[in-house]
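Step one of this worksheet: look at the structure below.
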Amino acid sequence: MAVEAFVKPVRALSWSDTASAEWALVQQCAAGDEDACTRLVTDHQRMVYQLALHLLGDPQEALDLSQEVFLRVFQVLPQFRGQSSLRTWIYRIVVNHASNRQRWWRRRHRAQQVPLDEQTATHGEIAESRNFAQPDRVLQQRETAGLVWGALDRLPFDQRAVIVLREIDGLSYEEIATSLGVVVGTVKSRLARARENLRVALRSV
Amino acid sequence: MKSQECRTQRLAEYVDGELSGTERLGVSRHLESCADCLEDAKALRRVGDLLRNAVELDPTPAGLDGLASGVISRTVAERAQSWKAVCERAVEDWHWFLVGFGSVTAAFVSITFVSAVLHFGPAPQREDSVSALLSNRDWQVKNSEGGGSLYVWMTPGGRNDWRIMLTGKERAEAAAEAIAQVPDALAGLTTEGDLAGALGDALNRTGQPIDVQAMDAGTRSLSEALLHQLTEINKSNRQKELQGDSAAGPSSVYRMQVVTNTEVSGKGYQ
């Protein structure tokens, strides 16, 4: 029987090189070097935005959150001691802010099922062909994406955070635990529940 | 693998690449022979694939281009509002005020210090008439109305005894004016002893100090004039002494003192 082994893709990097370069960047930013700060933002902005988008489900909210996150990063950067990677540390700030924002947002707006069209418009903005007869594959992709994001949006925030960090951002259990401020066992249990919920929700896909 | 939950967890760790080499090998071998576990592993991987495929459709927002500059601008602005920055700016804006305030404070402290030294420190000697001595800050005359007496101790002829020669609150007449009024009385009084003796006679007739307010104008003028003459002689003797004139003798007036109703302060005059 053929076995499809899953190989986790990793980049070949020298940890010491990465750590020292990262640490130098942090030091420069903490000292007020605007170029270094700009570099830090541009290096991580896409990652931050994507995570914010996947956690909040709204591009504008994700943009606002991204700015909020980087402002917070520069406020507390002097406290970064290198216990984790800079990326993981920033992830933690993103998750915390997204959690706060979402709690506020949920209180103001009722949790409702997002229509498929809106989900598709938010997450699957594929240039529409003027020809009404769109390729089936593209249409199916949009529909699937809409269902996936709808299912993701219905997950509790804690489960959504772990599944996004694991499956989309590719963080290890340890990194996820650091980002969320929980232990690895909690990561595993939340991941298991998230996957089960998504499996059920996307059964028809 | 034991329970379903353990099995699923183990598979999840396998799919996520969280197992060690030996553990991975074990699971991999198990999957070769277990269809159920293999199916579960595929299901786990499928959820991730669906998510990753959906993410690929996410467009890059245009707002992301200006994110860095916006964040940096706001951070710089917030740092400018920090307490440290506010204090630094306050010092920079108000440094002239601080310099002026410091100067005023320093001047005030200096003036206070000098005043204290002048007030509590040793007083300079004044070799002039009693009226000038009265104006010297060395004297402390606390009562201004109805009190205050001026005693002049003298030792005519070099003796150490003393006599109260004069009492009075203040010298109302200038010495020159006084001398002008009693020129006859001063005639013939040339030596210090003559002057001291005349002054004693004029002011201490009953052996008790005579209040200068009760004196008649003539006696008062005489007293003032004699006192002035004595002062001049004393001054002259001291000058000669300083110049090394061996013929100049010590002054007979060895102490002059002002006494008030409440306080006595003295000054050596020799």
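For region B:6-13, indicate whether the set of residues that are of a type in the set (Lys, Arg), more than 11 Å from chain A (Cβ to nearest Cβ), assigned to a helix (DSSP H, G or I) and open to solvent by less than 60 Å² (accessible area, probe 1.4 Å) is non-empty. Yes, because at least one residue in region B:6-13 is of a type in the set (Lys, Arg), more than 11 Å from chain A (Cβ to nearest Cβ), assigned to a helix (DSSP H, G or I) and open to solvent by less than 60 Å² (accessible area, probe 1.4 Å).
Scan region A:83-96 for residues that are farther than 15 Å from A:Glu174 by Cα and open to solvent by 40 Å² or more (accessible area, probe 1.4 Å) and the total you get is 1.
Quick test of your reading of the structure: B:Ser69 fulfils all but one of (1) in a helix (DSSP H, G or I); (2) at positive phi. Name the failing condition by number. Of everything listed in (1) in a helix (DSSP H, G or I); (2) at positive phi, B:Ser69 misses just condition (2). Looking across region A:152-188, the residues that are buried (at least 23 other Cβ atoms within 10 Å of the Cβ), more than 9 Å from chain B (Cβ to nearest Cβ) and without any contact (Cβ under 8 Å) to a residue 60 or more places away in the chain come down to A:Val162, A:Ile176, A:Val187. Just wondering, is there one or more residues in region B:44-60 that are surrounded by 10 or more Cβ atoms within 10 Å (Cβ to Cβ), within 8 Å of chain A (Cβ to nearest Cβ) and over 30 Å from B:Leu11 (Cα atoms)? Yes; the residues of region B:44-60 include at least one that is surrounded by 10 or more Cβ atoms within 10 Å (Cβ to Cβ), within 8 Å of chain A (Cβ to nearest Cβ) and over 30 Å from B:Leu11 (Cα atoms).
Note on region B:61-85: among residues that are modelled with pLDDT under 75 and at the interface with chain A (Cβ under 7 Å from one of its Cβ atoms), the one that is most open to solvent (accessible area, probe 1.4 Å) is B:Gly63. Scanning region A:105-124 finds no residues that are modelled with pLDDT of 90 or more and polar (S, T, N, Q).
Among the criteria (1) more than 10 Å from chain B (Cβ to nearest Cβ); (2) modelled with pLDDT of 85 or more, the one A:Ala62 does not fulfil is (1). Screening A:Ala36 on (1) of a type in the set (Gly, Ala, Ser); (2) open to solvent by less than 10 Å² (accessible area, probe 1.4 Å); (3) facing another protein chain (nearest Cβ under 8 Å) shows it passes everything except condition (3).
The values are calculated or read from the model by the stated rules, or taken from the named source; none is laboratory data. In this text the structure is predicted, and so the values were computed from the model without any measurement. Cβ sites come from the backbone with ideal geometry, for glycine too, and all protein chains shown count toward neighbours. The accessibility values were calculated without ligands, DNA or RNA, using every heavy atom of the protein model including side chains. Shrake-Rupley method; radii C 1.70, N 1.55, O 1.52, S 1.80 Å.
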